[in-house]
Structure formats: structure tokens, C-alpha cells
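Asks: This is the structure, below, for whatever I ask next.
No value in this document is a laboratory result; all are computed from the given coordinates. Please read all numbers here as calculations on a predicted model, not as lab measurements. Here Cβ is always computed from backbone atoms with ideal geometry, including for glycine, and neighbour counts include all displayed protein chains.
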Amino acid sequence: MAVTKIRKISSWVLILCSVITLAVLGLFFFGGDNEPYKGEMWNPVYVDLLLYWQYILFGVTALAGVLLGAWQFASSFKNNPKGGIMGLAVLVLFFAMLFLTYTFGGTTPVNVLNSEAQAYNVPFWLKITDMWLFSTYILTGLVILAIITGSVKRIISK
């Protein structure tokens, strides 16, 4: 019964997020241009809406990942201490990856178009940007590796 309820809730949340994302993308691509840049370059009206929606999705995902990871650790540690430690190790490795990718981030200023963007052309924000990019590359590679490993394992077990 609980699995059915969880599946229903997650399905509805996925449908809601997908509909909102499609609406925001529709506004972004078909919502028109800002007047000052007409003819010179494409400057959509709803860039801020798209960015805010991405921030919301990222924040909710990050918060859910940390909270659910901690909850899994706490609940599984009672029954299976070794499994609980493995769950905690995954969280520690994730934050270690974020720390390492932050330290590898570059601080070379970027040539930007306007003076407003210069506020973010400082070493802290440049390193944060590199941290997220490098982390995305690493996690994408791990997902692809997991897909390939799972497929090979399934083929071998047949």
C-alpha cells in the first residue's frame, strides 16, 4: 500500500514539474525579445523566469538529496550499521567531490559584455561556476558508467 502511495505522489510531482518546465520553456523560446536588443541579438524576455525555475528545481533537489540521505542513514543504521555507514560514505564523497572541484576551479576573469556582469567576474563566483560544471561532468560520467555496468551485468547474468 505504501509503495503505491509513494508511486502516485512521485508520479504527480513529476507530471507537475514537467508541465511547469514545458510552460517556462515555451515562454522562454516564444515569449519575444526585449526591445533594446531587437535585431542585434536574441534576448528573450523570460530569461529570469527560466533561471528562477532552474534555481528552484536545483534547490529542492539538493535539499531532498541531503535530507533523504541523512534520513536513510539514520533509519538503516539501526538495522544494518554497515549499510548505514555506506550511505553516509556516499554523502561524504559527494561533498568531497564538491570541495575538490571547487579547489580545481579557475580564477581567470572572463571577458563579459556588460558592467552588471562584472560583479560576478570575481574569483569566488568563477570557482563556484567551475565547481558546478566539473561536478556535472563527473556525475554524468558516473551515470553513464552505471548504465553500461548495469547493462553488461544483466547481459552476463542471462
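Asks: Going by C-beta contacts inside 10 Å, put 41, 97, 131 in order with the fewest on the left.
Replies: Neighbour counts put them in this order, fewest first: 41, 97, 131.
Asks: Related question: Treat the count of other C-beta atoms within 10 Å as a stand-in for reagent exposure and order 21, 61, 101 from fewest to most.
Replies: 61, 21, 101
Asks: Taking all pairs of distinct Cα atoms, average 1/r, flip it, and tell me the Kirkwood hydrodynamic radius of the range 30-73 in Å to one decimal place.
Replies: That comes to 12.9 Å for the range 30-73.
Asks: If you don't mind, another one. If the cut-off is 29 Å between C-alpha atoms, which lysines fall inside it for residue 153, apart from same-chain ones fewer than 8 positions away?
Replies: Within the straight-line limit of under 29 Å, residue 153 reaches these lysines: 82.
Asks: Based only on other Cβ atoms within 10 Å, what is the fewest-to-most ordering of 73, 95?
Replies: 95, 73
Asks: Another one. Can you bin the range 31-158 into rounded, prolate or oblate? Criterion: square roots of the alpha carbon gyration tensor eigenvalues sorted a ≥ b ≥ c, rounded for a/c under 1.5, prolate for a/b above b/c, oblate for the rest.
Replies: Prolate shape, in that a/c is at least 1.5 and a/b is the bigger ratio.
Asks: Continuing with this model, one more query. Over the chain, what is the relative contact order in percent, taking alpha-carbon pairs closer than 8 angstrom and at least six residues apart?
Replies: Here the relative contact order equals 12 percent.
Asks: Here's a follow-up. With a cut-off of at most 11 other beta carbons within 10 Å, and DSSP calling the residue loop, which chymotrypsin sites (Phe, Trp or Tyr not before Pro) in the range 1-66 qualify? Please list them.
Replies: Loop-located and lightly packed - 42.
Asks: Let me ask something else about it. Per residue of the chain, what 222 nm ellipticity follows from adding -39500 (n - 2.57) for every DSSP H run with n ≥ 4, rounded to the nearest 500?
Replies: After summing the helix terms and dividing by the residues of the chain, the value is -27500 deg cm²/dmol.
Asks: Specify whether the C-alpha gyration tensor of the range 1-79 places it in the rounded, prolate or oblate class, a ≥ b ≥ c being the square roots of the eigenvalues: rounded for a/c under 1.5, otherwise prolate if a/b is larger than b/c and oblate if not.
Replies: Oblate.
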